[in-house]
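Have a look at the structure below before the remarks.
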């Protein structure tokens, strides 16, 4: 990113007081960034650009939307990739396997690009930035990185970015204090037309022995009921018909102010209030924890049809012994009872899950218990993982004598069983007509649309000639293919024709405006 001569750049730093920073008032810094971009354009004849690479969960996606909102509000323009961006931003995740390998691989690319253009600017953020071992490696091997901040620090990004750009210095700002609710007043650029992500709480108090989240995201903090409802109503007014409520442990919402006057006081009551907002057609939520699912929540899910008939309910293991070692607060009996009650309240509900294979100490019997529970529940789909230790978690210190080849064989057996169940679940709905919310164009075929049913099944659909001929001109792009931007966010009725393991093929019956 081309440097700007200091004598030509006049920012508002003299108007930014310590009290502004204490009150988390980022408005003056946004104005300073606007001045920076304006002066950059005058000096270089073009507007500076940025590119965000996001790894991990929907919470990270939502964080990146806020970062994009800050960049857009400051006047920067979004770019398509690292190569053409003046500012490269990586939002990291420490949950997935080989997260560090993935990050440092991308930093290797950026290091090469930096050698070609010394004025490039690089930002790193997200969960990995809260872990000392990663910070030390970045300082040692990737010292070209200009700005590093943690998930707790997004609220002060305008200040951090302005300070680093204006003073041409490296800034590392990783806070331990969880001030995420301060993000509420920051600008946001939604990445999707069909679904709006709404964070309702931050952090986690469960401390499962395999999970790094409580250490990277901090303790649970719930957003106020009024701020959540205000955001959702605003989204409804903007035209969003589907919202997703987010939290590391979404159904623990409200625990931290249950003794206060805040209403409602738990996730079930919040979910009911959201369901009563006129114009919100689909309500999703990720991810609930079995320990915090009660009958009130189950009854609410059964009562309101705009609450999705789908629950992602992490299992992790079907063995009570392993669940105890994992620090999970449920056993297999409680899990199966939740499933029974959910299907009683909402017979059409689809259930998905997370399962870990090869947790330290897992025996063949423990694994057999997992397969047995899978046979009883028959999940529609599952995210499956071979256990990988996360530095800083209790389980990373557990003795693990597992045979890698044996674990790999178990993993394959689990995948084969789940694939069978997934295909069975998809076959059950064949010949039905379902409402699908379109997400855009299929990656494999530019004339096939893709979308989701209310129960989150992935549908790839064709348009019959009689409907195709009635489409307006804007539905077709210059190359004669379907225009994804036109279809994204629209609903249609689809006849489901052919089941596959991970998707269903169908044909459009009717498109709705």
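When the stretch 389-400 is examined, which residues are found to be touching a residue at least 40 places away in the same chain (Cβ under 8 Å), in a loop (DSSP other than H, G, I, E, B) and either out of contact with any helix residue (DSSP H, G or I) (no Cβ under 8 Å at 6 or more places or on another chain) or over 30 Å from residue 130 (Cα atoms) (or both)? If the condition is that a residue be touching a residue at least 40 places away in the same chain (Cβ under 8 Å), in a loop (DSSP other than H, G, I, E, B) and either out of contact with any helix residue (DSSP H, G or I) (no Cβ under 8 Å at 6 or more places or on another chain) or over 30 Å from residue 130 (Cα atoms) (or both), then 400 is the only one that fits. Considering only residues in the stretch 267-285 that are assigned to a helix (DSSP H, G or I) and within 21 Å of the chain's Cα centre (by Cα), the one that is nearest to residue 314 (Cα to Cα) turns out to be 267. In the set (1) assigned to a helix (DSSP H, G or I); (2) closer than 18 Å to residue 25 by Cβ, residue 237 fails one condition alone, (2). In the stretch 190-197, the condition of being surrounded by 17 or more Cβ atoms within 10 Å (Cβ to Cβ), in contact with a helix residue (DSSP H, G or I) (Cβ under 9 Å, 6 or more places away or on another chain), more than 23 Å from residue 52 (Cβ to Cβ) and at pLDDT 90 or above is met by no residue. Is there a residue in the stretch 430-442 that is under 28 Å from the mean Cα position of the chain (by Cα) and within 30 Å of residue 100 (Cβ to Cβ)? No: the stretch 430-442 contains no residue that is under 28 Å from the mean Cα position of the chain (by Cα) and within 30 Å of residue 100 (Cβ to Cβ). Does residue 452 satisfy the condition of being under 22 Å from the mean Cα position of the chain (by Cα), closer than 30 Å to residue 370 by Cβ and part of a loop (DSSP other than H, G, I, E, B)? Spelling it out, it is not the case that residue 452 is under 22 Å from the mean Cα position of the chain (by Cα), closer than 30 Å to residue 370 by Cβ and part of a loop (DSSP other than H, G, I, E, B).
For residue 148, the requirement of being closer than 20 Å to residue 393 by Cα and in contact (Cβ under 8 Å) with a residue 12 or more places away in the chain is not met.
State whether one or more residues within the stretch 104-125 are farther than 24 Å from residue 49 by Cβ, in the same structural domain as residue 65 (by TED's automatic domain parsing) and touching a residue at least 40 places away in the same chain (Cβ under 8 Å). No, the stretch 104-125 contains no residue that is farther than 24 Å from residue 49 by Cβ, in the same structural domain as residue 65 (by TED's automatic domain parsing) and touching a residue at least 40 places away in the same chain (Cβ under 8 Å). Applying the set (1) surrounded by 17 or more Cβ atoms within 10 Å (Cβ to Cβ); (2) assigned to a helix (DSSP H, G or I); (3) without any contact (Cβ under 8 Å) to a residue 40 or more places away in the chain to residue 409 leaves exactly one unmet item: (1). Of all residues in the stretch 316-360 being in contact with a strand residue (DSSP E or B) (Cβ under 9 Å, 6 or more places away or on another chain) and surrounded by fewer than 17 Cβ atoms within 10 Å (Cβ to Cβ), which is farthest from residue 291 (Cα to Cα)? Going through the qualifying residues, I end up with 343. Farther than 27 Å from residue 390 by Cβ, surrounded by fewer than 17 Cβ atoms within 10 Å (Cβ to Cβ), under 15 Å from the mean Cα position of the chain (by Cα) and at pLDDT 90 or above - does that describe any residue in the stretch 181-189? The answer is yes; a qualifying residue exists. Among the residues making up the stretch 61-111, those that are in contact with a helix residue (DSSP H, G or I) (Cβ under 8 Å, 6 or more places away or on another chain) and part of a helix (DSSP H, G or I) are 63, 66, 67, 70, 73, 74, 99, 100, 103, 104, 107.
The values are calculated or read from the model by the stated rules, or taken from the named source; none is laboratory data. Bear in mind that the values here come from a model prediction, so they are computed numbers and not experimental data. Virtual Cβ from ideal backbone geometry, glycine too; neighbours counted across all protein chains shown.
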